[in-house]
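Engineer: First, the structure itself, so that you have it in front of you.
Derivation of every value follows stated rules applied to the coordinates shown; laboratory data play no part. What you are looking at is a predicted structure, and each value in this text was computed from that prediction instead of being measured. FYI the Cβ positions are ideal-geometry reconstructions off the backbone, even for glycines, and counts take in every protein chain you see.
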Amino acid sequence: MSEQLLSDFHKIIKTSKISKEEFEIKKDYLNKFIESGFPNRKQEDWKFLDISQIIKKNIGDLSFFNDYLQSNKIDTSIFVDGLEHNKIIFINGRIEKIDFNYEDQNKIQLTDETKTDVSFDYKNSLIDLNSAFTHKVFKIFIKKNYSLNKPLIIYHSTDDKIKSTNINLRLDFELGENSCLKLIDFFTNNTAKNFINIFYNFNLKQDAILKNYKIDKFKNDNLKYSFNNIEQGNNSVSETFILSAGSDYLKNEINCNLNGEYSSAFVNGVFSLKENQQHEIRTTINHLIENTKSYQLIKSVLGKNSKSAYQGKIFVNSKAQKTDGYQLSKAILLDETSEFNAKPELEIYADDVRCSHGSASGSLNEDSIFYLMSRGLNYQQSKELLINGFLLDVVEKITDSEIKNLIKNIIGLKE
Amino acid sequence: MDTREKDIEKLKDYKYGFTTDIENIKAPKGLNEDVIKFISNIKKEPEWMLNFRLKAYERLKLLKEPNWQKPKYPKIDYQDLYYYSAPKSMNDKPKSLDELDPKLLETYKKLGIPLQEQARLNGIAVDAVFDSVSVATTFKGELTKHGIIFCSMSEAIQKYPELVKKYLGTVIPITDHFFATLNSAVFTDGSFVYIPEGVKCPMELSTYFRINASETGQFERTLIIADKGSYVSYLEGCTAPMRDENQLHAANVELIALDDAEIKYSTVQNWYPGDENGKGGIYNFVTKRGICKGKNSKISWTQVETGSAITWKYPSCILKGDNSIGEFYSIAITNNHQKADTGTKMIHLGKNTKSKIISKGISAGFSDMTYRGLVDINSKAKNSSNYTQCDSLLMGNKCGAHTVPYIKNKNFDSNIAHEATTSKISEEQLHYCQTRGLNPEEAVGLIVNGFCKEVLQQLPMEFAVEAQKLVGISLEGSVG
């Protein structure tokens, strides 16, 4: 693999204009990645789903070359209907369009850089991979006191031009004081098998609000990894909702640092998996200062041969008194072959805190099904009703009503 | 000074911290084949036993010491330890208690284990292990009447080789992890219990462990077999003298429950925890594992862990028989610089198996406490269920409390429920107790005992009283 990595790396370097310094940075990341390779089961964070095995099995040999000079055609049929929105469109890992038509252009600043260094500590070879191969880092800066009028949808799409390729992309967001951004990541359907590695950095200043909705609903054969690093200032709020249903493999990782007092983080997730899908959510919420709050709710519905995993960690620093941390994961196993794994973790160094977690898994309650059938529903309908009710609980946590309705429509949930 | 304070005064400096001057026979320092042969030879073991040890040693050479645990410790030099230490007077084994070295008897009296049968009022049969060898077993006559075998491991190897051969290493194989394999290679003594078919053991069986000599590791091995339809309750207590250096304790405990049998295993662990600056103390790296081999069998672990500089153990249940039950009740208390990483594993293999985990952790001072557990329901374990509750209590902001449960559900008929909370003693509760005339320390003692009640209830009566006292004493000086 390392030969392939090196030759693809140099191929990309040849086509892009970067300074010597930037080249050295990228080279360092590449070497770090070559040394550690794809994460595997031996690493604690990858214990449940082994990405290196999954890539080997689903894709085989991965190519790392991506031609960023060549533009791709935008298929407008993928656009979300019934919701006015700003757009960023990624096709095959290349930004094809950035459109903030609904916004005051003076309040949003866009830059792109070829320098790909990472400013925080991590132990994750996929971030090394991303930093070595990411073409450009787009930075989006929302100025003080500005709330976007419309949500921003980022489309992630691939077409049949590329296959068995590793795509890396990165976006950095900075939300100025008292600003607000609603961001939807929208993954479209396709059949090509690629490994997509997404890395977002968010920096939330005082009183800023971030709402991030990740929607992976439509069946596709891609393997995806998404990493969100969120830094939060005083009184800021981050809300993340994950719908994890479409890809063959998807791991969402959220690393959230509550640096400012009265900041809070919410992570809600839904797994709805079928045939051979393997998905995971891993969260790390670091409570670093007094009076911070976090809330996590993850629910899974698991069909035949599917597997979901939830690893959630609440870390409370000894300074972080009066922390309120909560974690709940629930799973319904529909088939003999489905599997649910959880590792809800608490690491606490302060005494005046309220932290709790819960995890429950099992099959659908036969009594409830019996009750519904006695009311005239058939078995299938009763089952669906119960599952919908189970999942609706998480969707209802979405604080933006417009987006909540959109997501309900996409999932096909009715109230 | 009221009696409680006196108690505290007496116990503040680890009550069991005395050493006894007894001449010891030691194996040469270090770990090698010769030492293993020496141990085996001095114990007059048959050849199969020596082979078992050597096989384990071969395996050990390939293994690496694990390092994923939370409490880190300085590297142990395994060549700088004595692997065998026995009181000299034991060389010619005493036939009865009267022949025991009076100094040994005195030691046990200090520990509060009167070996003299006549001194026993509550009828607990005791097997006492001093450093590496088992020195005396009480109530033999009574037990023999029921066909119960309760003796030291070395005696069992001589007298009941068939039983030992059949079961030793079946739950914790010699290919297990580093410390378990080390134990398989160099274990010196321990207790052996066999309860025949249909017998309900009429009294509590108990072992008392004590490490006396310095620079010794204690490696005892306990094997308990409950044959069909039998019942046994087994207690274990531990102490060690105060020493500046750290001492290693790596025991293996294997439980085997056949059809309809029940084993209840209770531990009150009070090894020397080191001084308030974290110097010295025991490294308690113990492997305890039970298998519910037969149908409708049950294994229940209860532990009160208040001692040791580092406690690192996970008493586990393998629920292989259909309808078998595994239980784990634990109180772990860490104070000063103590560290604990403890919990359990419940591995569900049979149908309709049930398990329950109740864990209470209390950390104070500069200590660190981790609950780490695994619940694994296999795809064949239809209609199984698990309930886990782990609560942590923190006192002060210099200590840590962590919860790391692993939950694996591969069976859609089965249910797993897990709950965990972390909190501190609320001001309201403290205030209420104080308005009723308790001083702050008594109030904390009362609240903590209430917090632990669910687990303390599981202990046999005499142990429960001792444990309750220990809970209070361990937290001494952590209030305020």
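Engineer: Can you figure out the FRET efficiency of B:Thr144 with B:His177, using R₀ = 25 Å and their beta-carbon distance, to the nearest 0.05?
Structural biologist: The computed FRET efficiency comes out at 0.10.
Engineer: Nearest 5 percent is fine: what portion of the DSSP beta bridges confined to the range A:100-211 is antiparallel?
Structural biologist: 20
Engineer: How far apart, in nm, are the 7 Å Cα→Cβ label points at A:Glu275 and A:Ser16?
Structural biologist: 3.7
Engineer: Could you work out the mean count of beta carbons from other protein chains within 10 Å of each residue's beta carbon in A:330-340?
Structural biologist: Per-residue shielding by partner chains comes out at 4.
Engineer: Of B:Gln303, A:Ser359, A:Leu175, which is farthest on the positive side of the dipole of the protein assembly as shown, counting Cα position, with +1 on Lys and Arg Cβ, -1 on Asp and Glu Cβ, and the Cα centre as origin?
Structural biologist: A:Ser359
Engineer: Continuing with this model, one more query. Output the pairs from B:Lys145/B:Lys354; A:Lys330/B:Lys382; B:Lys279/B:Lys360; A:Lys313/A:Lys397; A:Lys211/A:Lys322; A:Lys319/A:Lys408 with a Cα-Cα distance over 30 Å in this structure; if there are none, say none.
Structural biologist: Violating the 30 Å limit, Cα to Cα: B:Lys145/B:Lys354; A:Lys319/A:Lys408.
Engineer: To continue, here is another question. Ranking request for peptides A:123-130, A:17-24, B:279-286, A:217-224: highest mean number of other beta-carbon atoms within 10 Å first, then the rest in descending order.
Structural biologist: Descending packing order for the listed peptides: B:279-286, A:123-130, A:217-224, A:17-24.
Engineer: What list of ³J(HN,Hα) couplings, whole Hz, do you get for the range A:346-354 from phi and the Karplus terms 6.51, -1.76, 1.60, once you set θ to phi - 60° and write x for glycine and proline?
Structural biologist: These are the phi-based 3J(HN,Hα) values: 10, 10, 10, 10, 10, 8, 8, 10, 10 Hz.
Engineer: Rounded to the nearest 0.05, what FRET efficiency is calculated for A:Glu384 and A:Leu110 with R0 set to 45 Å and r the Cβ-Cβ distance?
Structural biologist: Calculated transfer efficiency: 0.55.
Engineer: Which distance in Å, rounded to a whole number, links the C-alpha centroids of the range B:394-412 and the range A:304-363?
Structural biologist: Result: 9 Å between the Cα centres.
Engineer: Between their Cα atoms, which of A:Lys123/B:Lys70; A:Lys87/A:Lys274; A:Lys143/A:Lys205; A:Lys26/A:Lys136; A:Lys143/A:Lys217 are more than 21 Å away from each other?
Structural biologist: Too far apart for the 21 Å limit: A:Lys87/A:Lys274; A:Lys143/A:Lys217.
Engineer: State, to one decimal in nm, how far the label point of A:Lys304 lies from the label point of A:Glu402, with both points 7 Å from Cα in the Cβ direction.
Structural biologist: 4.1
Engineer: Shifting gears a bit: Mind jotting down the three principal axis lengths of the protein assembly as shown based on Cα atoms? Whole angstrom, largest first.
Structural biologist: 98, 67, 66
Engineer: Taking θ = phi - 60°, what integer Hz values does the Karplus form 6.51 cos²θ - 1.76 cosθ + 1.60 yield along the range B:298-306, in sequence order, with x for Gly and Pro?
Structural biologist: 8, 10, 10, 9, 10, 9, 10, 10, 10
Engineer: Can you give the Rg to Rh ratio for the range B:314-428, taking only C-alpha atoms and Rh from Kirkwood?
Structural biologist: Computed over Cα atoms, the ratio is 1.07.
Engineer: Would you mind checking which residues have amide H under 5 Å from B:Glu236's amide H? H placed 1.01 Å from N; only 5 or more apart, or other chain.
Structural biologist: So B:Glu236 has HN proximity to B:Thr207, B:Ser266, B:Thr267, B:Val268.
Engineer: Please list, in chain and number order, the residues 5+ apart from A:Leu297 or on another chain whose amide H is under 5 Å from its amide H, with Hs placed from the backbone.
Structural biologist: For A:Leu297, the qualifying residues are A:Val267, A:Asn268, A:Gly269, A:Leu328.
Engineer: Right, here's the next one. Antiparallel versus total DSSP beta bridges in chain A: what percent is that, nearest 5?
Structural biologist: 10
Engineer: Return the FRET efficiency for the residue pair A:Asp81, A:Tyr102: r is the Cβ-Cβ distance, R0 is 22 Å, and the value is rounded to the nearest 0.05.
Structural biologist: Plugging the Cβ-Cβ distance into 1/(1 + (r/R0)^6) gives 0.85.
Engineer: Here's another thing I want to ask about it. In nanometres, what is the gap between the two model label sites at B:Ser426 and A:Ser71, each 7 Å from Cα along Cα-to-Cβ?
Structural biologist: 6.4
Engineer: Another question, if that's okay. How large is the charge dipole for the range A:114-177, taken about the Cα centre, if only the Cβ atoms of Lys, Arg (+1) and Asp, Glu (-1) carry charge, to the nearest 20 debye?
Structural biologist: The calculation lands at about 200 debye.
Engineer: Once fully extended, how much extra length lies between A:Phe141 and A:Asp335, figured as 0.36 nm per residue of separation less the alpha-carbon to alpha-carbon distance?
Structural biologist: 65.2 nm
Engineer: To the nearest 20 debye, what is the magnitude of the charge dipole of chain A about its Cα centre, counting +1 on the Cβ of each Lys and Arg and -1 on the Cβ of each Asp and Glu?
Structural biologist: 500
Engineer: Same structure, new question: So how strong a dipole does the protein assembly as shown carry about its Cα centre when Lys and Arg Cβ are +1 and Asp and Glu Cβ are -1, to the nearest 20 debye?
Structural biologist: Around 1700 debye, computed over the protein assembly as shown.
Engineer: Turning to a different aspect of this structure: Just name one of A:Phe9, A:Asn86, A:Leu62: the one whose Cα is farthest towards the positive end of the charge dipole of the range A:1-146 (beta-carbon charges, Lys/Arg +1, Asp/Glu -1).
Structural biologist: After comparing all options, I get A:Phe9.
Engineer: Return the whole-Å distance between the Cα centroid of the range B:333-392 and the Cα centroid of the range A:212-268.
Structural biologist: 29
Engineer: Calculate one ³J(HN,Hα) per residue across the range A:98-109 by plugging θ = phi - 60° into the Karplus curve 6.51 cos²θ - 1.76 cosθ + 1.60, and present them in order as whole Hz with x for glycine and proline.
Structural biologist: Ordered by residue, 3J(HN,Hα) equals 10, 9, 10, 4, 8, 10, 6, 5, 6, 9, 10, 10 Hz.
Engineer: Tell me, how many Å apart are the Cα centres for the range A:10-47 and for the range A:48-73?
Structural biologist: 14
Engineer: Mind checking B:386-394 for the average number of partner chain beta-carbons within 10 Å of each residue's beta-carbon?
Structural biologist: Per residue, the number of nearby Cβ atoms from other chains is 2 on average.
Engineer: Once you average over the residues of B:365-371, how many Cβ atoms of partner chains fall within 10 Å of each Cβ?
Structural biologist: 1
Engineer: Could you list, in their original order, any pairs among A:Lys47/B:Lys228; B:Lys345/B:Lys424; B:Lys298/B:Lys380; A:Lys32/A:Lys293; B:Lys64/B:Lys288 whose Cα atoms are separated by more than 30 Å?
Structural biologist: A:Lys47/B:Lys228; A:Lys32/A:Lys293
Engineer: Under a 5 Å amide H to amide H cut-off, with H placed in plane at 1.01 Å, what residues pair with A:Ile153 once short-range neighbours are removed?
Structural biologist: Excluding prolines and chain starts, which carry no amide H, the hits are A:Asn86, A:Lys87, A:Ile88, A:Ile184.
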